[in-house]
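The values are calculated or read from the model by the stated rules, or taken from the named source; none is laboratory data. Note that the coordinates shown come from a computational prediction; the quantities given were computed from them, not determined experimentally. For neighbour counting, all protein chains shown are included, and Cβ atoms are generated from backbone atoms with ideal geometry for every residue, glycine included. When the accessible area is computed, the model is the full protein with side chains, heavy atoms only, and any ligands, DNA or RNA have been set aside. Shrake-Rupley method; radii C 1.70, N 1.55, O 1.52, S 1.80 Å.
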Amino acid sequence: MVNQAQGARMSDEIVAYASVLKLSRTDVKTLKIKDAYALHKVVYGLFDDVRSDVEKQASTASGIVYADKGGDFNTRQILMLSNRKPHQTPQFGEVQSKPIHIDFLSHERYTFDITLNPTKRDKQTGKVVAIRGRDEIAAWFTARASQSWGFAVIAEHLQVGQISVQVFEKAGKTITHGSATLTGELVVTDRDRFVQSFTNGIGRGRAFGFGLLQIVPL
């Protein structure tokens, strides 16, 4: 049996750190944030690099997921979730952080907001291909949620919002990602997988601003 003190310690367990990076218009200009790769470098520069070269080549998770929430004429905000704290006094911008305790992930239902890179692997060619069309994206997300991510999507509340394309240059190559923003409600079906989905992010392209599951308990 878990005694009261043990229960309190478990509820105090920190599973991640939620942070927001606020950049002024001058910061954005100085940092030359013109595409997703430039923003990736700014975000990753806020954290200690804890992976070895071998781990990076093996695509070991960085422990960082983020979402560019845009902003107004004067300010741009980037939400971040990480397994370690970012530097609290960055050279540019302002960072605010708070711990996320395991209790936050103990609810049954949540509303969610997420920007994803919807893809699948073609069974014949083995290549990763983009999923296009709102109905196709909704069906893909609903299926993957149940199969891999530890939650079920409430179909009547699911909305596929903005669909766009992310393009940037990296090491002389043009990288293209499909992008779709989804909102709705979910029900947790597998707690361990759900916690992993929240803390690690879901889907492809997580190094470039995809996969951060932004949730609010119901």
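Quick notes
- Restricted to segment 174-205, and to residues there that are of a type in the set (D, E, K, R) and over 16 Å from A130 (Cβ atoms), the residue that is surrounded by the most Cβ atoms within 10 Å (Cβ to Cβ) is E185.
- Pairs meeting the criteria (first residue in segment 44-70 and under 16 Å from L81 (Cα atoms), second residue among the charged types (D, E, K, R) and open to solvent by 50 Å² or more (accessible area, probe 1.4 Å), beta carbons under 7 Å, at least 6 apart or on different chains) are S62/R51; V65/R206.
- Being more than 28 Å from D192 (Cβ to Cβ), among the basic types (K, R) and in contact with a strand residue (DSSP E or B) (Cβ under 9 Å, 6 or more places away or on another chain) holds for only one residue in K98, K69, K85, and it is K69.
- Residue match in segment 68-81 (condition: within 19 Å of K22 (Cβ to Cβ), touching a Gly at 6+ places or on another chain (Cβ under 9 Å) and open to solvent by less than 50 Å² (accessible area, probe 1.4 Å)): yes
- Scanning segment 122-137 for residues that are surrounded by 15 or more Cβ atoms within 10 Å (Cβ to Cβ) and part of a loop (DSSP other than H, G, I, E, B) turns up just one, I131.
- Every condition in (1) more than 23 Å from Y66 (Cβ to Cβ); (2) open to solvent by less than 90 Å² (accessible area, probe 1.4 Å) holds for T119 except the one numbered (1).
- Filter result (within 18 Å of T119 (Cα to Cα) and of a type outside the set (G, A, S)) within segment 137-152: I137, W140, F141, T142, R144, Q147, W149
- Pairs are defined by a Cβ separation below 7 Å, a sequence spacing of at least 6 or placement on different chains, a first member in segment 83-111 that is aliphatic (A, V, I, L, M), and a second member that is in a strand (DSSP E or B) and open to solvent by less than 40 Å² (accessible area, probe 1.4 Å); the pairs so defined are V95/S19; V95/L21; I100/V15; I100/A16; I100/A18; I102/V15; L105/V15.
- Subset of segment 97-154 [hydrophobic (A, V, I, L, M, F, W, C) and more than 18 Å from N200 (Cβ to Cβ)]: V128, V129, A130, I131, I137, A138, A139, W140, A143, A152, V153, I154
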